[in-house]
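The values are calculated or read from the model by the stated rules, or taken from the named source; none is laboratory data. What you see is a predicted model, and the numbers here were worked out from it, not measured in a lab. In this analysis, Cβ positions are derived from the backbone assuming ideal geometry, glycine residues included, and neighbour counts consider all displayed protein chains. Heavy atoms of the whole protein, side chains included, go into the accessibility calculation; ligands, DNA and RNA do not. Shrake-Rupley method; radii C 1.70, N 1.55, O 1.52, S 1.80 Å.
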Amino acid sequence: MRDLESCNLCEWRCGVNRLGGERGVCRVGQAEVAATMCSSYLASYIVTLLGCCYRCLHCNAYRISQYPDPDWRYAGHIPAAVLVKGAREQIAAYEGPRIQTIGFTGGDPIIHLPYIEEVAAEVSRQGLDLGIGISTGGFVTPEVMERIADLCRVITLEIKAFSDPVHRALTGAPVAPVLRNAEYLVHEGRSRIRVFRTVVIPGMTDREVGDIAAFIAALDPSVSYRLIGFRPNNVLYYHPGPSTAQMERLW
């Protein structure tokens, strides 16, 4: 966990000692678990971690991503060995399709990559036939993206916008690192990509979809690209979602 003593995992590169109580942009220390569940759709044991390096106006999990600001209480830090033991027990009792991965989401789990690596090592120690999955916004350093590509069996990357002004307005962060990491994944980790995706927000990201699709197609037209309809949430609670007709037109 030494990465957290001078944290430069995401592109904010705060350099704070998260183990010593210092807080960077994400404002979290060690990994804390919000929830776990078995997903038949993803064939994955999902672990939701608290905290995020973004400040998305539309976040549908803002009580998790903006922790500790919403002042909700969760399970707290769970040692890797305990988490994997619990996963093994829940998977054994699960009656759905065979679970193939432990999948991490959030928030954005990339800010907890050392913990995810500990979990992966513990999966191996406990002899489980499970890969690692991650769902991320991709706002990480090149070194961390290489670690993610080496570690994970399945990666979902959300490209929230294509133009820098829209990405900054929506998330608070620049888009260049995300596009750089998307390109890296296509070239160096193509087999691990489950899907690239974008949330369609009328008047905001709907205008970005064509450019994102062209960007992905120029890299590799076989990469799956998913559009998700925005549901009013967080700061954009009164902002309308897209119509079925708009989603079909963008598709």
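Just to be sure, is ALA161 assigned to a helix (DSSP H, G or I) and either small (Gly, Ala, Ser) or at pLDDT below 95 (or both)?
No.
Of all residues in the stretch 176-190, which are more than 12 Å from PHE162 (Cα to Cα) and either open to solvent by less than 20 Å² (accessible area, probe 1.4 Å) or touching a helix residue (DSSP H, G or I) at 6+ places or on another chain (Cβ under 7 Å) (or both)?
Residues satisfying the conditions are ASN181, GLU183, TYR184, LEU185, VAL186, GLU188, GLY189.
Can you go through ILE193, ILE111 and tell me which one is out of contact with any helix residue (DSSP H, G or I) (no Cβ under 8 Å at 6 or more places or on another chain), among the hydrophobic types (A, V, I, L, M, F, W, C) and more than 24 Å from ILE91 (Cβ to Cβ)?
ILE111
Return yes when ALA173 is open to solvent by less than 40 Å² (accessible area, probe 1.4 Å), within 20 Å of ASP108 (Cβ to Cβ) and in a loop (DSSP other than H, G, I, E, B) and no when it is not.
Against the criterion (open to solvent by less than 40 Å² (accessible area, probe 1.4 Å), within 20 Å of ASP108 (Cβ to Cβ) and in a loop (DSSP other than H, G, I, E, B)), ALA173 qualifies.
Given the criterion within 15 Å of the chain's Cα centre (by Cα), more than 23 Å from ARG226 (Cα to Cα) and not small (Gly, Ala, Ser), identify the matching residue among TYR94, TYR115.
None of the other options fit; the residue is TYR115.
Can you work out which of the residues in the stretch 82-116 that are open to solvent by less than 40 Å² (accessible area, probe 1.4 Å) and part of a loop (DSSP other than H, G, I, E, B) is farthest from GLU5 (Cα to Cα)?
GLY96
Of the numbered conditions (1) in contact with a strand residue (DSSP E or B) (Cβ under 6 Å, 6 or more places away or on another chain); (2) aliphatic (A, V, I, L, M); (3) open to solvent by less than 10 Å² (accessible area, probe 1.4 Å), VAL154 fails exactly one; give the number of that condition.
(3)
Could you check the stretch 63-81 and list, in sequence order, the residues that are open to solvent by less than 20 Å² (accessible area, probe 1.4 Å) and either outside any helix (DSSP H, G or I) or touching a helix residue (DSSP H, G or I) at 6+ places or on another chain (Cβ under 8 Å) (or both)?
Matches in the stretch 63-81: GLY76, ALA80.
Testing ARG23 on (1) in contact with a helix residue (DSSP H, G or I) (Cβ under 9 Å, 6 or more places away or on another chain); (2) more than 19 Å from ILE102 (Cα to Cα), one condition comes back false. Which one is that?
(1) is the only condition that ARG23 fails.
Among the residues of the stretch 117-127, which ones are open to solvent by 30 Å² or more (accessible area, probe 1.4 Å) and modelled with pLDDT of 95 or more?
GLU117, GLU118, ALA121, SER124, ARG125
Cβ-Cβ under 9 Å, sequence separation 6+ or interchain: first residue in the stretch 38-62 and free of Cβ contacts under 8 Å to residues at least 12 places away in the same chain and part of a loop (DSSP other than H, G, I, E, B), partner β-branched (Val, Ile, Thr) and open to solvent by 10 Å² or more (accessible area, probe 1.4 Å). Which pairs?
Nothing qualifies.
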